[in-house]
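Down below is the structure, laid out as structure tokens.
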Amino acid sequence: MARQRRPGVNERMKVTVIGTGHVGLVTCVTMSMLGHDVVGTDMDQEKVALLRRGIPPFFEEGLEQALRAELTSGRLAFSGEPADALRDAEVVFICVGTPARSDGEANLIAMEGAARDVAHHGRDGVVVVEKSTVPAGTSERVRLTLTRESRGLRFDVASNPEFLREGTALADSLRPDRIVLGVQSDWARDVLRRLYAPLTDQGHELLETDIATAELAKHAANAFLAMKISFSNGLARICERAGADVVAVADVMGSDPRIGRAFLNAGLGYGGYCFPKDVAALDRLASRLGYDFRLLREVSRMNDEAVEAAAAKVHEAVWNIEGKRIALLGLAFKAGTDDVRFSPALQLAERLVSAGADLHGYDPRAADTAREELPDLNVSDTAYAAAAGAHCVVIATEWPEFRDLDLARLREVMAYPVIVDARNVLDREAVARAGFAYYPTGRTAILTTDVTAGPVSVEAVAVASGAA
Ligand code: NAD
């Protein structure tokens, strides 16, 4: 489509976002903050009703305040009707879910539904942008759906994969490391450059590629980060046997700029909505294209192994798990979010419960979402209440508040002074001084002979529970 328009700095454009989940809602707010007129639409009418009242359906730092401000500005609105939402849009972002099917293949049914909505209700000349993470080649399917389902609509398709991280999503979206545009026409390139001008004018980098490259780059980035995590977990297993320290190994490795320190933390492995499915989807794409990318299957196998290793450590720490009270600190898949989708902490919880543990969880943000996911899970209101009478505390998510636990108080309320630190968040020396048996990940354990000290008095348990 060879229509030309003069690029205008900070031009106000009409944007519609289909799918107002973690990515879509942040995209709505960001686009509105950049000065565009935005309508968000979602098939989930309850979500739309909440958003209209300025209530995000999930926790993300700063999002509620920003959502309310943008609603008040008049630039941002939500609609449950695709026809209303799409009528005027110059740019449509598709931000729907792309979960894994049982064989790992990305389920793109929502992508097709969104494309169909644009075909039926979009305006002539619309640029349809895939922001959801999709296998390379998906844009061709979107294009075909738009052609087949519309009556002569002129449109273009582009890819603009999202690199935000839950926990810092709004900041990432407003200050992106890079904006990736996969485009194949001057029209789409021009429209998207104008859309992002407020960010590129501030110096944020814009990388332009063909569409398949942009689609593949997102899967490649997530699979590579997942690989770094699994590599570190493999190192953790060796360090434990060799008497080496995986944190120091990561520091040494990470000081090499070719490697980088990020994502080298050994622990309970990766989880969340993206990494597990994206590793699987890239593997499936490769095999569909005739390449056996075995490394990716090993990455996910090692990730499962990380949860098993933590469960084995709990067993080692308390002997028989049956009947033991275990406090699981951290339920979200990572700190900064209430998202428990594919959370390794919940996978560990299920494993411990099936081994007979009396499990009590705690999370600063994810209590409700965890209860929805595992209705039988006992969730306490404080770390100390979860730990009251416990034979072992397991740290499963790297929330900063766990670094600052009052170890003396923790020891006082617990039945056994035993900590399994599946995220290496605690300070070894402080834990040792407080008299705990300590089982970190990929570092030497501190074994005290004092593991049966206690049991805690009934009063101490009551005090801790009362503090909840
Ligand atoms: P999500 O589940 O939080 O949100 C998806 C939303 O799409 C839901 O609200 C759902 O109701 C809605 N939806 C589904 N089908 C629809 C349709 N046909 N019409 C209208 N709405 C529809 O998912 P998410 O975490 O925002 O992820 C969305 C995409 O972005 C995925 O492809 C994901 O891989 C990718 N992504 C996610 C993250 C992240 O951190 N969550 C980061 C980068 C990329």
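Conditions tested, residue by residue: (1) β-branched (V, I, T); (2) more than 19 Å from the chain's Cα centre (by Cα); (3) within 16 Å of the ligand (Cβ to nearest atom); (4) within 19 Å of Y270 (Cβ to Cβ).
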site	(1), (2), (3), (4)
G152	no, yes, no, no
R165	no, no, yes, yes
D172	no, no, yes, yes
V183	yes, yes, no, no
V191	yes, yes, no, no
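Could you grab me the full set of residues in segment 169-220 that are of a type in the set (V, I, T) and under 17 Å from E130 (Cβ atoms)?
Step one: list which residues in segment 169-220 are of a type in the set (V, I, T), which gives 179-180, 183, 191, 200, 209, 211, 213.
Passing the criteria: I179, V180, V183, V191, T209, I211, T213.
Taking each residue of segment 277-294 that is surrounded by fewer than 21 Cβ atoms within 10 Å (Cβ to Cβ) and looking for partners that are aromatic (F, W, Y) with beta-carbon atoms closer than 8 Å, six or more apart or interchain, yields A286/F293; S287/F293.
Please specify each residue of segment 335-359 satisfying the condition of being open to solvent by 30 Å² or more (accessible area, probe 1.4 Å), in contact (Cβ under 8 Å) with a residue 12 or more places away in the chain and away from the ligand (no atom under 16 Å from the Cβ). First the steps, then the outcome.
The initial filter retains those residues of segment 335-359 that are open to solvent by 30 Å² or more (accessible area, probe 1.4 Å), namely 341-342, 347, 350-351, 353-356, 358.
Right, trim to in contact (Cβ under 8 Å) with a residue 12 or more places away in the chain and you get 341-342, 347, 350-351, 353, 355-356, 358.
Within segment 335-359, Q347, E350, R351, V353, A355, G356, D358 qualify.
Reported count of residues in segment 174-193, each being part of a helix (DSSP H, G or I) and buried (at least 21 other Cβ atoms within 10 Å of the Cβ), is 3.
If you take just the helices (runs of 4 or more DSSP H) that sit entirely in segment 1-88, which of them hold at least 2 residues that are at pLDDT 95 or above, more than 16 Å from the ligand (Cβ to nearest atom) and within 24 Å of the chain's Cα centre (by Cα)?
Per the criteria, 22-33, 63-73.
If a residue must be of a type outside the set (D, E, K, R) and either in contact with a His (Cβ under 8 Å, 6 or more places away or on another chain) or open to solvent by 10 Å² or more (accessible area, probe 1.4 Å) (or both), how many such residues does segment 223-238 contain?
8
Put simply, of V126, V91, V118 the only residue that is more than 14 Å from the ligand (Cβ to nearest atom), assigned by TED's automatic domain parsing to the domain that holds K47, touching a residue at least 60 places away in the same chain (Cβ under 8 Å) and open to solvent by less than 10 Å² (accessible area, probe 1.4 Å) is V91. The residues listed here are V314, V279, V318, V247; of these, the one that is aliphatic (A, V, I, L, M) and within 16 Å of the ligand (Cβ to nearest atom) is V279. Scanning segment 306-318 for any residue that is open to solvent by less than 30 Å² (accessible area, probe 1.4 Å) and in a strand (DSSP E or B) turns up nothing.
The values are calculated or read from the model by the stated rules, or taken from the named source; none is laboratory data. Only a predicted model underlies this, so the values are computations on that prediction, with no experimental measurement involved. Cβ atoms come from the backbone with ideal geometry, glycine included; neighbour counts cover every protein chain shown. Side chains included, ligands, DNA and RNA excluded: accessible areas come from the protein's heavy atoms. Shrake-Rupley method; radii C 1.70, N 1.55, O 1.52, S 1.80 Å.
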